[in-house]
Amino acid sequence: TGVSVILPIDLEAMASHRIPAATSVLNGAGEMTGRIAIDEWGTLETPIFLTSSMAVGRVYDGAVSALMGRFEHGFLGEPVMPVVAECDDSDLNRPFPVQVDESDVRAAIAAARGSEAGACALGVVGAGTGMRAFDLKAGIGSASRVVRPVHRWSDEPEQDAPSYTVGVL
């Protein structure tokens, strides 16, 4: 199908700053490289790459090549270990031969843009091309909420409490 890249902050900023992250398994299956590091450290060091089940390895290799080619000393001065997650599209996609390659990864990185550019592409795009949900054609969707932390013994946030956008793709 394709490759989608989630770029929470500018790529150059990601190369020098870890960002808070967490994982949660909702269906008990699904391959995801880099998950142990997120669970252990609570941070994300690279963009998140989404692709079809059979292309996880190719996208990982393509991401390493693209990111190390762009940032000679890796991210945070260390080798990159990209986060690549699968989107099971096996019912609507022909898994063999694997059709994703490094050029698709590089194109997805180039297409990734920050929130100032507006909403991301949704629907039957990138990794969502072959998705299915409840026997119906699916794709990539999103939801977000703006939250302000509340002290555990209070019902309202403090006046100067910062707000955060929590997003789901």
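The values are calculated or read from the model by the stated rules, or taken from the named source; none is laboratory data. Keep in mind it's a predicted model, so treat the numbers as computed, not measured. Cβ coordinates were reconstructed from backbone atoms using ideal geometry, including for glycine residues, and neighbour counts include every protein chain displayed. These area figures cover heavy atoms from the full protein model, side chains too; ligands, DNA and RNA do not enter into them. Shrake-Rupley method; radii C 1.70, N 1.55, O 1.52, S 1.80 Å.
Odds and ends about this structure:
- Once the Cβ-Cβ distance of Ile9 and Asp135 is raised to the sixth power relative to R0 = 41 Å, the FRET efficiency obtained is 0.65.
- Tilt relative to the chain, helix 102-111 - C-alpha long axis, 0 to 90 degrees, to 10: 40
- At a probe radius of 1.4 angstrom, the accessible area of the chain per residue rounds to 64 square angstrom.
- Put simply, when 153-166, 119-132, 50-63 are sorted by average Cβ atoms within 10 angstrom per residue, most first, you get 50-63, 119-132, 153-166.
- The label point for Trp41 and the one for Ala117, both projected 7 Å from the Cα toward the Cβ, are 2.5 nm apart.
- The chain, accessible surface, carbon-and-sulfur percent (1.4 angstrom probe): 55
- Here Asp101 and Arg145 are evaluated by their C-beta separation; at R0 = 35 Å the FRET efficiency comes out at 0.45.
- Remark: spin-label model distance Arg70-His17 equals 1.6 nm, labels positioned 7 Å along the Cα→Cβ axis.
- Of all DSSP beta bridges in segment 1-104, antiparallel share, percent nearest 5: 65
- Estimated vicinal HN-Hα couplings, Hz - segment 63-70 in sequence order (Karplus 6.51, -1.76, 1.60; Gly, Pro = x): 5, 4, 4, 5, 6, 6, x, 8
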